[in-house]
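> So that we are looking at the same thing, I have put the structure below in structure tokens.
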Amino acid sequence: MSQQNQPIGVFDSGVGGLSVLRAMRGLMPEEPVVYFGDQGHVPYGPRPLEQVRAFSETITRFLLDYGAKLIVVACNTASAAALHYLRDKFPHISFVGMEPALKPAAEHTRSGVVGVLATPATFQGALYASVLERFANGVQILQHTCPGLVGQIEKGDLDGDGTRAILEDALRPMLDQRIDTVVLGCTHYPFVIPLIERIVGESVRVIDPAPAVAKQAKRLLEAQGLKTPAGGRAEVRLYTSGDVDAFISLLPGLLGESGPVHPVTWLDDHRIEK
Ligand code: DGL
């Protein structure tokens, strides 16, 4: 197989990365993809960064075994824990990672107050500290970790009472402080944008970084001569370390397409078996 026709590797702790994959499929459906959702370990957010780094390295090796030509770390938490490390460890391959989109938020806010929703690990990482330092000048940033929200989304509960209560807790105090922008710093959260918009109202802008990340992946492939020629629709191979049937049932709603999902098992020595 020529390198151009090899797949893009995409991973997340679970279904969150499907928000990025959805944007990638819209932009470049001809690209084959292998997606790994580490649902055996979700959520990553409350875990120590070192542990998330170890998971991320193992998953990267799994994707490289598939001949991945580019890896999209479609998880803010894994990016916070491991992006620099992965780039050092695997210098022959390019990585696209996620960071909270504070730059466009700070550029466009009028009230000067921006809310950021992300996991505890993302807020702890050096990546977030550097984003704050570079882009938050003069802007007041309000943060919330939305405890339990990733679990609700993993269950497919996108607008039930429990999910709404978590988001109300996060967003009401921010609205009281006059936010006019909400940055989604976790790839699970775009799936609850309709609910977020109902809570914050039309005057508050909600930033989902997925389209920008998909464009960045496309630019990188083009620059490296790795882009699959346009035309046609390639397959997505999906793997989960969790429950296969549960994953399959969420696909039409979250990804907008279905496909077979393959189970994988983690071994104690940090290998994954197909
Ligand atoms: N989707 C992830 C993120 O972007 C991880 C959420 C979690 O597993 O806690 O941060």
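> Can you tell me the dipole magnitude for the chain around its Cα centre, using point charges on the Cβ only (Lys, Arg +1; Asp, Glu -1), in Debye to the nearest 20?
On the way: 25 positive and 30 negative charges, 160 e Å.
That gives a dipole near 760 debye.
> Tell me the accessible surface of ILE248 in square angstrom (1.4 angstrom probe, heavy atoms of protein chains only), to the nearest ten.
Approximately 60 Å² for this residue.
> Nearest 5 percent is fine: what portion of the DSSP beta bridges confined to the chain is antiparallel? It would help to have the intermediate numbers written out before the result.
Details: 2 of 34 bridges.
In the chain, approximately 5 percent of DSSP beta bridges are antiparallel ones.
> Let me ask something else about it. On the accessible surface of the stretch 87-135, probed at 1.4 Å, how many percent belong to carbon and sulfur atoms?
Numbers: 1120 of 2260 Å².
Of all accessible area on the stretch 87-135, carbon and sulfur atoms account for 49 percent.
> List, largest first, the extents of the alpha carbons of the stretch 72-113 along their principal axes, each in whole Å.
43, 17, 14
> Taking LYS218 as the anchor, which lysines have their alpha carbon closer than 25 Å to its alpha carbon, excluding any fewer than eight residues away along the same chain?
LYS69, LYS89, LYS103, LYS227
> Please compute the per residue accessible area over the stretch 1-113 with all protein chains in place, 1.4 Å probe, rounded to a whole number of Å². Numbers along the way, then the final one.
Values: 3830 Å² over 113 residues.
With all protein chains present, the stretch 1-113 gives 34 Å² per residue.
> Can you give me the angle between helix 161-176 and the longest principal axis of the chain, using Cα atoms only, in degrees from 0 to 90, rounded to the nearest 10?
For helix 161-176, the angle is close to 50 degrees.
> I would also like to ask the following. Rg/Rh for the chain: what does it come to with C-alpha atoms and Rh from Kirkwood?
Working: Rg = 17.9 Å, Rh = 18.8 Å.
Ratio of gyration radius to Kirkwood radius for the chain: 0.95.
> P(r) of the stretch 1-75 in 5 Å steps, Cα pairs, percent per bin?
Pair shares across the bins are 3, 17, 26, 25, 16, 9, 4, 1, 0.
> In addition: How large is log10 of I(q)/I(0) for the stretch 93-225 at q = 0.19 Å⁻¹ when the intensity is taken from the Debye formula with one equal scatterer per alpha-carbon?
Rounded to two decimals, the profile gives -1.10.
> Once the dipole of the stretch 120-241 is set up with Lys and Arg at +1 and Asp and Glu at -1 on Cβ about the Cα centre, which of THR228, ILE179, ALA129 lies farthest towards its positive end?
THR228
> Could you tell me the extents of the stretch 131-189's C-alpha atoms along the three principal axes, largest first, rounded to whole Å?
38, 24, 15
> Now for a separate question. With a 1.4 Å probe and all protein chains left in place, how much accessible area per residue does the stretch 118-274 have, in Å²? Walk me through the numbers on the way to the answer.
Details: 7750 Å² over 157 residues.
Result: 49 Å² per residue.
> Any idea what Rg and Dmax come out to for the stretch 1-134 if you just take the C-alpha atoms, in Å?
Using the Cα atoms of the stretch 1-134, the pair Rg, Dmax is 15.4, 53 Å.
The values are calculated or read from the model by the stated rules, or taken from the named source; none is laboratory data. Fair warning: this is a prediction, and the values are worked out from it, not measured in the lab. Neighbour counts are summed over all protein chains in view; Cβ atoms, including those assigned to glycine, are modelled from backbone coordinates with ideal geometry. Just the protein is used for accessible areas: all its heavy atoms, side chains included, with ligands, DNA and RNA removed. Shrake-Rupley method; radii C 1.70, N 1.55, O 1.52, S 1.80 Å.
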